[in-house]
Amino acid sequence: MTAPTVGVLALQGDFAEHIEMLRRLGVDAVEVRLPAQLVHIDALIIPGGESTTITRLLDIYDLREPIRRLGLAGLPIWGTCAGAIVLAKQATELDRPNLALMDIDVRRNAFGRQVDSFEEDIHIEGIDGTPFHAVFIRAPVIERCGAAVEVLATLEDGAIVAAREGRLLATSFHPELTGDTRFHALLAKLAAAYHEERLRPVK
Ligand code: GLN
């Protein structure tokens, strides 16, 4: 049995932190910059950073369509912060096309200038144990969830900050910055399931 591999889109942003978290869990993690590197991955993380830059680089590196196709075919994809903006069907103030894979609409920089960054302990559906320490940095909020989308976490005021649609995950916050590997473990589980499916011969 081969082990699943998780790719981390490494065009811009905090991809190194995601790789570190995955390796801490013993998960094979690779940086993805070229379409050919998508071939062997069983899940993809789109990191936080600047969504305008990431979407521009997706086009320059010819990655937008191949990632979109894989997402439609069932590849687990998790977007954190800017990554969630890249995954969303619609995002405010984004000047170029994103992946538009996940049936959510997000508002960029939703928490205003004064509170650019904050941290809060939140409960996340499907993650047991102590509350998750969530770090928000110029974070987006999820303003609309389609019928197939499950809300995984909200702030006290009801703002949606984590959601799931099948194998697509979006978080407004940055689990890669906290040392808490539980969210990465969740993605690793989805990657393992996808990996097994891929290896099973098609009848
Ligand atoms: N504000 C950034 C954007 O809109 C996201 C910030 C982040 O990823 N920490 O792309």
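Just one of the listed residues (143, 176, 156) is of a type outside the set (Ser, Thr, Tyr), more than 14 Å from residue 42 (Cβ to Cβ), assigned to a loop (DSSP other than H, G, I, E, B) and out of contact with any Cys (no Cβ under 6 Å at 6 or more places or on another chain), namely 156.
The residues of region 107-128 that are at pLDDT 95 or above and within 11 Å of the ligand (Cβ to nearest atom), listed by number, are 107, 108. Among the conditions (1) part of a helix (DSSP H, G or I); (2) surrounded by fewer than 20 Cβ atoms within 10 Å (Cβ to Cβ), the only one that residue 21 does not satisfy is (2). The sole residue among 104, 54, 85 that is buried (at least 23 other Cβ atoms within 10 Å of the Cβ), at pLDDT 95 or above, within 16 Å of the ligand (Cβ to nearest atom) and assigned to a strand (DSSP E or B) is 104.
A quick yes/no check of all residues on (1) within 21 Å of residue 92 (Cβ to Cβ); (2) crowded, with 23+ Cβ neighbours inside 10 Å; (3) touching a residue at least 24 places away in the same chain (Cβ under 8 Å); (4) out of contact with any strand residue (DSSP E or B) (no Cβ under 9 Å at 6 or more places or on another chain):
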position: 3; (1), (2), (3), (4): no, no, yes, no
position: 12; (1), (2), (3), (4): yes, no, yes, yes
position: 37; (1), (2), (3), (4): no, no, yes, no
position: 74; (1), (2), (3), (4): no, no, yes, yes
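Among the candidates 67, 41, 46, the residue that is surrounded by 23 or more Cβ atoms within 10 Å (Cβ to Cβ) and within 13 Å of the ligand (Cβ to nearest atom) is uniquely 46.
The values are calculated or read from the model by the stated rules, or taken from the named source; none is laboratory data. Computed from a predicted model, the values in this text were never measured in an experiment. As a convention, Cβ positions derive from the backbone with ideal geometry for all residues, glycine included, and neighbour counts pool all protein chains shown.
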